[in-house]
Amino acid sequence: MAKMKAIMAAVLVMEKEGVSQAFGVPGAAINPLYAALRERGTIAHVLARHVEGASHMAEGYTRAVAGNIGVCIGTSGPAGTDMVTGLYSAIADSIPILCITGQAPRARMHKEDFQAVDITAIVKPVTKWATTVLEPAQVPRAFQQAFHLMRSGRPGPVLIDLPFDVQMAEIEFDIDTYEPLPAFKPAATRKQIEKAIAMLQAAERPLIVAGGGIINADASDLLVEFAELTDVPVIPTLMGWGAIPDDHKLMAGMCGLQTSHRYGNATMLASDFVLGIGNRWANRHTGSTDVYCKGRTFVHVDIEPTQIGRVFTPDLGIVSDAKAALQLFVEVAREMKAAGLLRDRSEWVAQCRERKRTMLRKTNYEAVPMKPQRVYQCMNNNFPRDTTYVSTIGLSQIAGAQFLHVFGPRQWINCGQAGPLGWTIPAALGVRAADPTRTIVALSGDYDFQFLIEELAVGAQFKLPYIHMLVNNSYLGLIRQAQRGFNMDYCVQLGFDNINAPELDGYGVDHQKVVEGLGCKFVRVHKQEEIKPAIQQANAWMAEHRVPVVIEVMLERVTNISMGTEIDAVNEFEELATSIADAPTAVGLLD
Ligand SMILES: Cc1ncc(C[n+]2csc(CCOP(=O)(O)OP(=O)(O)O)c2C)c(N)n1
Ligand SMILES: [Mg+2]
């Protein structure tokens with residue numbers, strides 16, 4: 001046994017649990033933790049410029065690599081409240097992050113002490129567990145339990161709040177014999193999987209809906225193997241995008257109200273059976289359950305028992321980790337295939353592929369200012385196959401999902417459920433901190449970009465290069481479009497005559513000055529033919545300076561992006577493709 005400060009025991013536990021990177025903002029109440037981090041020198045620290053930024057960096061870090069757990073650190077009071085949004089977007093998308101906050105000394109917590117706020121009560125609905133540790137000897141055990149909970153069942157975030165004197169107190173703790181607790185993950189039984197496959201066999205036009213749980217479980221290969229064995233087309237959800245490559249012949253398109261393909265919705269509507277794995281029937285994926293469920297039979301596989309039946313009653317529910325379920329799905333399907341028992345699906349697969357090849361939206365516009373559709377066509381042409389895209393919300397993100405291509409898991413990093421503006425820059429920095437080599441392209445509208453713009457300085461300071469595509473329509477574009485239903489265009493305009501930059505023609509903020517002021521590089525683009533050279537310039541700058549590079553594309557201010565209130569009633573505001581020349585990078589042409 002060894003005597004040590006309670007906070008040192010916490011650092012030793014984090015080391016044993018595999019933590020090597022943290023993001024945070026120090027303050028007086030959390031300085032003991034910073035002292036222990038400094039003494040050990042084992043956990044690198046990125047200093048954010050806003051505590052919310054630190055929480056989204058931690059999310060990006062977790063989402064980038066299987067097994068990662070991002071850690072974000074803040075002091076007492078406002079630091080914890082700043083991180084509530086990161087905890088919310090983490091729990092909403094089943095992303096484990098560990099949030100550590102300082103707290104006033106125990107004796108003063110109830111005396112309205114300076115920056116003493118009941119953060120555990122505030123974050124209770126957005127964490128799997130939140131605790132203020134009141135006994136110093138419990139500190140390492142609280143961390144042990146935190147890692148156990150974050151990894152068990154449906155993953156999610158935990159907050160540990162540490163009063164100053166608890167951090168400083170001496171305790172006995174033996175790190176040599178410490179072991180991480182095994183994570184608990186429910187697994188399907190063979191009987192359950194056989195029943196699900198029997199239902200799939202009975203269907204004429206079956207689909208698999210692949211959710212983010214498959215990516216979280218690192219089971220994308222198994223999904224593709226199962227789809228190939230049974231020859232059943234796959235509809236990924238927004239969070240499951242990348243589980244099957246876009247150009248795989250069984251990737252049938254995304255379904256939904258906004259981030260969806262015309263062919264994905266048409267294929268969903270044509271199906272008679274859906275096997276959902278690791279998904280949650282999100283409203284933006286289903287629209288009303290009347291339309292979504294009519295004429296279809298459903299099997300739902302999810303790790304969290306209370307998710308089954310939450311949105312609608314499936315015909316069969318199975319509680320299982322996605323990987324454990326898919327291992328059995330593959331095992332049973334292999335046996336059935338060997339016995340010649342699997343049905344021939346070639347006609348149904350051919351129909352799905354024909355929709356994927358023909359039901360396209362036009363992207364090949366020439367207009368200046370540019371239409372957004374053309375930007376994504378240029379991105380498809382100029383970014384490599386293994387690019388990781390990071391995005392948040394807005395018309396920019398919705399059009400990105402409609403037009404970009406994703407070819408592997410964790411290459412579409414998006415906060416699907418919460419969609420907090422400002423998420424993109426810090427999340428992209430977290431992805432870079434997790435992986436020094438991959439190609440990272442962030443995608444933001446002008447407003448998302450401005451929300452936490454100061455985090456760009458973190459990228460410059462800590463040498464975290466990535467390309468940021470900033471599509472500038474000088475509007476809260478998604479909300480402007482939503483206001484059409486109210487016949488108004490009210491409080492959604494970002495344009496003004498910038499007295500320092502008249503050349504911006506009323507678009508308002510001069511992003512060049514801000515970005516360069518924060519130590520990053522910037523190039524502005526007006527025409528489609530300028531995009532390729534801009535990307536080449538960005539790559540050269542990143543190699544030379546190791547800083548983020550922003551490519552701003554000046555868009556037409558008003559373009560409405562396809563969306564609707566039902567999957568059978570998506571409004572197409574712009575032109576549809578009538579020939580391949582209208583949509584030359586469409587993915588249906590690749591498979
Ligand atoms: C914190 C927060 N406040 C408000 C919203 C609602 N909201 C969603 S998209 C959007 C506008 C986004 O504008 P921009 O980033 O420029 O993207 P665009 O739609 O113009 O492409 C707003 C205000 C939100 N998602 N998050
Ligand atoms: Mg905008």
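Here, each number is a calculation from the coordinates, and none is a lab measurement. Predicted model only: the values in this text are computed from it and were never measured. In this analysis, Cβ positions are derived from the backbone assuming ideal geometry, glycine residues included, and neighbour counts consider all displayed protein chains.
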Protection proxy (average C-beta count within 10 Å per residue), highest first, orders 257-270, 24-37 as 257-270, 24-37
Holding the Cα-Cα limit at 25 Å, pick out from 185/337; 463/513; 5/463 the pairs that are longer than that.
-> 185/337; 5/463
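How do 309-318, 333-342 rank on mean C-beta neighbours within 10 Å, highest first?
Working: 309-318: 15.5, 333-342: 13.3.
Per-residue mean Cβ counts within 10 Å order the peptides as 309-318, 333-342.
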Let me know the shape class of the stretch 449-553, please: from the alpha-carbon gyration tensor, a ≥ b ≥ c as square roots of the eigenvalues, rounded when a/c is under 1.5, otherwise prolate if a/b is greater than b/c, or oblate.
-> prolate
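In whole Å and largest first, what semi-axes does the C-alpha gyration tensor of the stretch 19-82 yield when each eigenvalue is scaled by 5 and square-rooted? Don't skip to the end; give the middle numbers.
Details: eigenvalues 70, 50, 12 Å².
The answer is 19, 16, 8 Å, longest axis first.
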222 nm [θ] for the chain, helices only, -39500 (n - 2.57) per DSSP H run of 4+, per residue, to 500?
-> -10500 deg cm²/dmol
Rounded Å value of the spacing that divides the Cα centres of the stretch 120-183 and the stretch 517-591 = 43
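Considering the convex hull of the alpha carbon atoms of the stretch 315-369, report its projected area averaged over all viewing directions, in nm², one decimal.
Values: hull surface 32.4 nm².
Orientation-averaged projected area of the Cα hull: 8.1 nm².
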Place the peptides 176-185, 299-308, 515-524, 560-569 in order of packing, highest mean first, counting for every residue the other Cβ atoms within 10 Å and averaging per peptide.
-> 299-308, 515-524, 560-569, 176-185
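Among residues other than residue 318 whose Cβ falls under 13 Å from its Cβ, what is the net charge (Lys/Arg +1, Asp/Glu -1)? Kindly include the intermediate steps, with their values, before the conclusion.
Details: positive: 190, 191, 195; negative: 194, 302, 304, 315, 321.
Local net charge: -2.
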Please report Rg over Rh for the chain, where both radii come from the alpha carbon positions and Rh follows the Kirkwood definition.
-> 0.99
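What is the magnitude of the charge dipole of the chain about its Cα centre, with +1 placed on the Cβ of each Lys and Arg, -1 on the Cβ of each Asp and Glu, and no other charges, expressed in debye to the nearest 20?
On the way: 54 positive and 63 negative charges, 120 e Å.
That gives the chain a dipole magnitude of about 580 debye.
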Give the Debye-formula value of log10 I(q)/I(0) at each listed q (0.23 Å⁻¹), with one equal scatterer per alpha carbon of the stretch 157-265, two decimals each.
-> -1.36
The rounded separation in angstrom of the Cα centers of the stretch 382-424 and the stretch 310-374 is 19
Förster radius 51 Å - calculated FRET efficiency between residue 124 and residue 269, Cβ distance, rounded to 0.05 = 0.80
Extent along principal axes [Cα atoms of the stretch 390-512; Å; largest to smallest] | 44, 35, 22
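From the Cα gyration tensor of the stretch 248-400, with a ≥ b ≥ c the square roots of its eigenvalues, which class applies: rounded if a/c is under 1.5, or else prolate if a/b is larger than b/c, or else oblate? All intermediate terms of the calculation are to be shown ahead of the outcome.
Working: a/c = 1.89, a/b = 1.59, b/c = 1.19.
Because a/c hits 1.5 or more and a/b exceeds b/c, the stretch 248-400 counts as prolate.
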Just how far, in whole angstrom, is the stretch 489-512 from the stretch 208-222 if you go by their alpha carbon centroids?
-> 43
Computed over the stretch 338-407, Cα set: Rg, Dmax in Å = 17.2, 60
Using the Cα gyration tensor of the stretch 317-466, with a ≥ b ≥ c the square roots of its eigenvalues, what is the shape: rounded (a/c below 1.5), prolate (a/b larger than b/c) or oblate (neither)?
-> oblate
Once both labels are modelled 7 Å past Cα along the beta-carbon direction, what's the residue 202-residue 351 spacing in nm?
-> 2.0
